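Novice: Could you have a look at this structure, given as structure tokens, before my questions?
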Amino acid sequence: MTFDRSVKIAPSILAADFANFGAEIEAVESQGADWIHVDVMDGHFVPNITFGPAMCAAIRPHIKTVMDVHLMIAPVDPYIEAFAEAGADVITAHVEAGPHIHRTLQAIRASGAKAGLALNPGTPVEAAAPVLDLVDLICVMTVNPGFGGQKFIHSCVQKVTELREMIGDRDVHIEVDGGVDPTTAPLVRAAGADVLVAGSAAFKGGSVSNPGPYGENIKAIRAAAG
Ligand code: DX5
Ligand code: ZN
């Protein structure tokens, strides 16, 4: 993975056909996805359950771009190695998921993956300040994690602006996750985000047998982001 601040659209497979992940990933990548965002939920840290490391390992061969694994689980540390072995390029943990985020980020980097830190809408950006040199990505949640298709929380845009300032010239991606579509993408891009996760807005209207809408959706988000 090389670093740059160009816009990357990361469709979340949370909005894909769960019975057909391999083909969905290939379809969305052929239609212009830059990264593939993989939402892991445990029914404890968030009120929903998706899948774990075995599923990540199974879909890995279908991902030609970047496998961006968003862990909405607590505890995190016991599972880092398994997600790294499953082939994650980026592993993102929530600062709210436990008392030892510094140790967690160190463990992610030690596993060979890039380390991501996610901040819930109610968490101030100051939570990231002590670990800025341990992260490769900061994910600003613009919905409360747990479900796709929720409404974008506008007050989170200011946090992106503040983080961009805090990061300075460090090679740290700013990712935005939740409610990103052509109307909200320009706001977060202008504030300094470079990785835009999109679930429902990326997958709407398309399917494996009709992937054209995936391409139109991705193009519309990218064009709006500018
Ligand atoms: C929410 C997940 C998101 C979600 C985004 O808990 O972390 O990645 O899939 O979905 P949309 O784009 O529909 O808000
Ligand atoms: Zn996510």
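Novice: Residue by residue through segment 44-50, which ³J(HN,Hα) values in whole Hz follow from phi under the Karplus form 6.51 cos²θ - 1.76 cosθ + 1.60 (θ = phi - 60°), with glycine and proline marked x?
Specialist: Each residue's phi maps through the Karplus curve to give 10, 5, 10, x, 7, 10, 10 Hz.
Novice: Computed over the Cα atoms of segment 83-220, what is the convex hull's projected area averaged over all directions, in nm²?
Specialist: On the way: hull surface 35.7 nm².
Its Cα hull, projected and averaged over all orientations, spans 8.9 nm².
Novice: Please state the shape class of segment 151-226: rounded when a/c is under 1.5, otherwise prolate if a/b exceeds b/c and oblate if not, all from the C-alpha gyration tensor. Could you put the intermediate results ahead of the total?
Specialist: Numbers: a/c = 2.71, a/b = 2.12, b/c = 1.28.
Here segment 151-226 falls in the prolate category.
Novice: Which one of 55, 158, 40 has its Cα pushed farthest toward the positive end of the charge dipole of the chain, where Lys and Arg give +1 and Asp and Glu give -1 at the Cβ?
Specialist: 158
Novice: Between residue 2 and residue 161, how high is the FRET efficiency from 1/(1 + (r/R0)^6) when r is the Cβ-Cβ distance and R₀ = 22 Å? Nearest 0.05.
Specialist: On the way: r = 25 Å, r/R0 = 1.15.
E between residue 2 and residue 161, to the nearest 0.05, is 0.30.
Novice: Suppose every K and R has +1 on its Cβ and every D and E has -1 on its Cβ; what is the size of the dipole of segment 107-163 about the Cα centre, in Debye to the nearest 20?
Specialist: Working: 4 positive and 4 negative charges, 40 e Å.
The calculated dipole for segment 107-163 is roughly 200 debye.
Novice: What are the ³J(HN,Hα) couplings of segment 118-129, residue after residue, when phi is run through the Karplus curve with 6.51, -1.76, 1.60 and θ = phi - 60°? Round to Hz, x for glycine and proline.
Specialist: Working through the residues one at a time gives 9, 10, 5, x, x, 9, x, 5, 4, 4, 8, 4 Hz.
Novice: Let me ask something else about it. Any chance you could get the radius of gyration and Dmax over the Cα atoms of segment 1-144, in Å?
Specialist: That works out to 14.4, 41 Å for Rg and Dmax.
Novice: On a 24 Å Cα-Cα criterion, which of the cross-link pairs 159/219; 159/204; 151/219; 8/114; 8/204; 64/204 come out too long?
Specialist: Values: 159/219 26 Å; 159/204 28 Å; 151/219 21 Å; 8/114 16 Å; 8/204 19 Å; 64/204 22 Å.
Beyond 24 Å: 159/219; 159/204.
Novice: Give, rounded to the nearest 20 debye, the magnitude of the charge dipole that the chain has about its Cα centre when Lys and Arg contribute +1 at Cβ and Asp and Glu contribute -1 at Cβ. Working shown, then result.
Specialist: On the way: 15 positive and 26 negative charges, 69 e Å.
With Lys and Arg at +1 and Asp and Glu at -1, about 340 debye.
Novice: Any idea what log10 I(q)/I(0) is at q = 0.16, 0.26 Å⁻¹ for segment 83-128, Debye with uniform C-alpha scatterers and no solvent?
Specialist: For the requested q values the scattering log ratios are -0.42, -0.92.
Novice: How large is the helix-only mean residue ellipticity at 222 nm for the chain, computed as the sum of -39500 (n - 2.57) over DSSP H runs with n ≥ 4, divided by its residue count, in deg cm²/dmol to the nearest 500?
Specialist: About -8500 deg cm²/dmol.
Novice: Counting other Cβ atoms within 10 Å, keep those with at most 12, restrict to DSSP loop, and tell me which chymotrypsin sites (Phe, Trp or Tyr not before Pro) in segment 1-94 are left. Before the final figure, lay out each step's value.
Specialist: Working: sites: 3, 18, 21, 35, 45, 51, 79, 83; in loops: 3, 18, 45, 51.
Passing both the DSSP loop test and the Cβ count: 3, 18.
Only the coordinates and a few stated rules stand behind these numbers; no lab work does. As the structure is a computational prediction, the values presented were derived from the model and not from experiment. Here the Cβ is made from the backbone with ideal geometry for all residues, glycine too, and neighbour counts use every protein chain on show.
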